[in-house]
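First comes the structure, then the notes that go with it.
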2 protein chains.
Amino acid sequence: MKILAIDLGGTHATCALVEDREILARETILLPESESFANTLSALAEPLTRLHSSALAGAIGFGFCGLVDSRHTRIADTNGKYTDAVSIDLSHWAKEKFSLPLRLENDARLALLGEFHAGAAQGETDVFMFTLGTGIGGVAMMNGQLLRGKHDQAGVLGGHIPVSLSNRRCTCGGLGCAEAEASGWALPGVAKDWPGFASSALAQRKINFENLFACADGNDKVSRELVDHCLRVWGAAAVAAINSFDPELLVYGGGVMKSADAILPYIQNYVRDNAWTPWGAVRVRAAQLGNDAALLGVVPLFEQESPVVR
Amino acid sequence: MKILAIDLGGTHATCALVEDREILARETILLPESESFANTLSALAEPLTRLHSSALAGAIGFGFCGLVDSRHTRIADTNGKYTDAVSIDLSHWAKEKFSLPLRLENDARLALLGEFHAGAAQGETDVFMFTLGTGIGGVAMMNGQLLRGKHDQAGVLGGHIPVSLSNRRCTCGGLGCAEAEASGWALPGVAKDWPGFASSALAQRKINFENLFACADGNDKVSRELVDHCLRVWGAAAVAAINSFDPELLVYGGGVMKSADAILPYIQNYVRDNAWTPWGAVRVRAAQLGNDAALLGVVPLFEQESPVVR
């Protein structure tokens with residue numbers, strides 16, 4: 001079956017036609033600057049129609065960058081963005097616009113499904129995937145199925161596990177979340193609060209992970225300390241995931257993985273020294289599919305447990 | 001069916017004969033000071049034989065204070081105690097000694113099963129239970145079943161989720177675990193490191209939670225700060241559990257709950273303010289069964305998923 005895949009990000013959306021392990025066609029659009037999810041859906045309709053007419057698809061898989069209740073095909077929380085999203089019936093939209101069934105999933109969960117289907121987690125059953133980027137995604141798969149829980153929120157908030165007793169407030173409302181301590185959006189605030197920041201090499205540049213790792217490589221002391229802080233946060237989040245969900249493999253994706261050479265060996269050592277796994281060692285591996293993961297993830301999405309309401 | 005229940009603690013063990021929601025008889029023994037689990041089993045045989053002869057039991061439920069692989073009826077890790085325990089075949093022991101089938105479970109999991117069967121979690125399906133005592137137990141039930149995972153270690157290490165970036169080493173090997181920051185065994189170390197401790201009221205007493213809460217009630221500044229620290233640690237651990245396992249109810253047991261009046265309202269407020277639950281509010285409740293919980297937990301234990309090997 002060919003499936004129309006939508007990966008809705010913060011500023012861009014990618015629509016694609018996928019089949020098995022292949023992306024047959026794709027279009028990326030810049031999203032309208034709007035608080036309205038209805039407007040965003042309108043903007044998606046055009047590329048979807050083109051892709052659908054090129055080769056008839058049998059379903060739509062929708063990846064959303066927020067909390068979803070996939071069993072009821074509802075957006076549960078948008079973290080402040082798209083105030084109208086929780087009231088929109090996506091199944092109705094898909095049926096009316098394309099006469100297709102639709103399944104909705106959180107984008108980080110779709111990325112794990114994609115890596116499970118065609119990437120770094122193929123053949124695995126118990127995996128946790130972190131996506132280190134503007135935010136931190138953290139998703140659990142147990143026994144080949146996404147963990148869901150009573151309100152579809154289990155095993156999908158790996159970036160929002162508190163790892164620090166700091167009073168740094170996260171966008172989710174929590175304190176000391178991994179995402180509030182070491183993500184793309186949090187880094188400027190963490191850096192500016194760091195002792196000695198004003199005279200560091202990083203203060204001369206735009207504060208992002210690429211520049212942070214470059215300055216740390218150049219032996220800038222504050223940058224080195226900030227990298228150590230971020231590594232420790234990601235290490236603690238990894239231990240939290242292992243001690244919670246008992247995976248055999250951690251997969252790391254997201255833009256920050258451009259610095260995988262500095263990150264993965266640290267994580268591997270950290271979980272060996274700190275996770276409680278008398279059965280053996282958790283493996284640590286880079287994701288393989290990049291932005292394709294969430295698009296390809298719609299294929300196994302239709303093989304996971306069915307929604308309660310379609 | 002009557003069941004012989006064993007709750008093996010650090011210094012004492014309680015053996016009991018249980019049926020449905022009732023403890024028909026019990027004996028508590030002081031354990032021999034021995035590193036040998038074989039010796040401990042010998043010490044248990046006598047009270048078990050007495051209980052068994054008083055009214056024939058149909059099975060044995062064994063609660064162990066360490067990591068177990070209940071699906072294979074094996075002790076997985078004893079955290080340094082009982083060096084021979086991982087090599088002992090408990091099913092064989094039960095069959096030879098009592099001609100009874102045996103199921104093994106972690107003691108914190110049994111306590112949750114007990115509260116689920118006959119206490120504070122009756123009628124619930126998605127619950128997380130913390131046991132605040134010498135250590136911190138933290139156990140997840142999802143959809144009426146204990147969460148288990150690939151190596152039977154999922155959802156059972158709620159005390160060993162890192163909540164602090166401190167370098168405080170836990171007995172599990174990890175850094176900054178909730179248990180290493182705010183448990184009975186950790187409290188003396190945390191207190192002695194606290195600025196101003198030497199001149200505090202607490203320094204004049206044995207350092208335990210009872211004295212800590214008493215000194216804090218007496219407005220001792222350091223004790224007040226230490227209580228705040230512990231509450232924050234327990235609050236962060238609660239958020240970690242909620243954002244990981246999506247429960248509707250948190251249940252709190254263990255000896256520290258003598259100060260429930262100071263703890264439960266804090267936790268209720270903390271999770272309301274910090275956990276990401278757009279569906280509603282997680283309830284917080286005290287356990288009801290005390291030390292009976294783990295004994296009564298053997299009843300539903302025999303209704304949970306079967307072990308792979310008996």
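Every number here is computed from the coordinates shown, using simple stated rules; none is lab data. Just so we're clear, the structure is a prediction, and the values are computed from it rather than from any experiment. Note: ideal-geometry Cβ built from the backbone for every residue, glycine included; neighbour counts use all protein chains shown.
Would you mind ranking A:206, B:2, A:192 so that the residue whose beta carbon has the fewest other beta carbons within 10 Å leads the list?
Result, fewest neighbours first: A:206, A:192, B:2.
As a test of the definition: which semi-axes, in Å, follow for the protein assembly as shown when you take the square root of five times each eigenvalue of its alpha carbon gyration tensor? Largest first, please.
Semi-axes from the Cα gyration tensor: 44, 30, 22 Å.
If the label for residue A:291 sits 7 angstrom from Cα along the Cα-to-Cβ line, what are its distances to the same label in every other copy, in nm to one decimal, shortest first?
6.2
Copy-to-copy spacing for residue A:21, label 7 Å out on the Cα-to-C-beta vector, in nm, shortest first?
5.5
Sort B:33, A:225 by Cβ crowding within 10 Å, fewest neighbours at the top.
B:33, A:225
Helix B:221-245 versus the longest principal axis of chain B: what angle, 0 to 90°, nearest 10, using Cα atoms?
50
For chain A, what does the relative contact order come out to in percent, with C-alpha contacts under 8 Å and a separation of six or more?
Relative contact order here is 21 percent.
Can you tell me the FRET efficiency between residue B:273 and residue B:166 if r is taken as the Cβ-Cβ distance and R0 is 30 Å, rounded to the nearest 0.05?
Efficiency at R0 = 30 Å is approximately 0.85.
How big is the antiparallel share of DSSP beta bridges in the protein assembly as shown, given as a percent to the nearest 5?
Of all bridge pairs located within the protein assembly as shown, approximately 60 percent are antiparallel.
Roughly speaking, what is the centre-to-centre gap between segment B:204-242 and segment A:229-296 when only Cα atoms are used, to the nearest Å?
33
Within a 10 angstrom radius of the beta carbon, how do B:28, B:134 rank from fewest other beta carbons to most?
B:28, B:134
By how many degrees, 0 to 90 and rounded to 10, does the Cα axis of helix B:37-54 deviate from the longest principal axis of chain B?
60
How many partner chain Cβ atoms sit within 10 Å of a residue's Cβ in peptide B:159-169, on average, as a whole number?
Shielding by partners across B:159-169 averages 6.
Gap in Å between the Cα centre of segment B:1-75 and the Cα centre of segment B:131-152?
20
In degrees between 0 and 90, to the nearest 10, how far off the longest principal axis of chain A does helix A:107-118 point, with axes built from Cα atoms?
80
Of B:244, B:230, B:185, which is farthest towards the positive pole of segment B:178-258's charge dipole, taken about the Cα centre with +1 and -1 on the beta-carbons of Lys, Arg and Asp, Glu respectively?
B:185
Size of the dipole of the protein assembly as shown about the Cα centre, Lys and Arg at +1 and Asp and Glu at -1 on the beta carbon, nothing else charged, in debye to 20?
400
Give me the inter-chain shielding for A:272-285: mean count of other chain Cβ atoms within 10 Å, whole number please.
Averaged over the peptide's residues, the number is 4.
For the pair residue B:219 and residue A:35, what calculated FRET efficiency results from E = 1/(1 + (r/R0)^6), where r is the Cβ-Cβ distance and R0 = 56 Å, to the nearest 0.05?
Once the sixth-power term is evaluated, E becomes 0.70.
Roughly what would the spin-label model give for residue B:55 and residue A:122, points 7 Å off Cα along C-beta, in nm?
About 6.0 nm separates the two model spin labels.
What ratio of Cα Rg to 2.2 N^0.38 Å holds for chain B?
Dividing the Cα Rg of chain B by 2.2 N^0.38 Å gives 1.00.
Say each of residue B:92 and residue A:258 gets a label point 7 Å from the Cα, pointing the same way as Cα to Cβ; how far apart are those two points in nm?
Reported label-point gap for residue B:92 and residue A:258 is 5.8 nm.
Cut-off under 25 Å on the C-alpha distance; same-chain residues fewer than 8 positions from residue B:2 excluded. Which lysines are left, in chain and number order?
B:95, B:97
Note the full-extension length gain between residue B:205 and residue B:71 as 0.36 nm times their separation in residues minus their Cα-Cα distance, in nm to one decimal.
43.8 nm is the gain from fully extending residue B:205 to residue B:71.
Sum -39500 (n - 2.57) across every DSSP H segment of at least 4 residues in chain B, then divide by the residue count to get the 222 nm mean residue ellipticity, nearest 500.
-10500 deg cm²/dmol
What distance in nm lies between label points placed 7 Å from Cα along the C-beta direction at residue A:283 and residue B:143?
Here the modelled spin labels are 2.7 nm apart.
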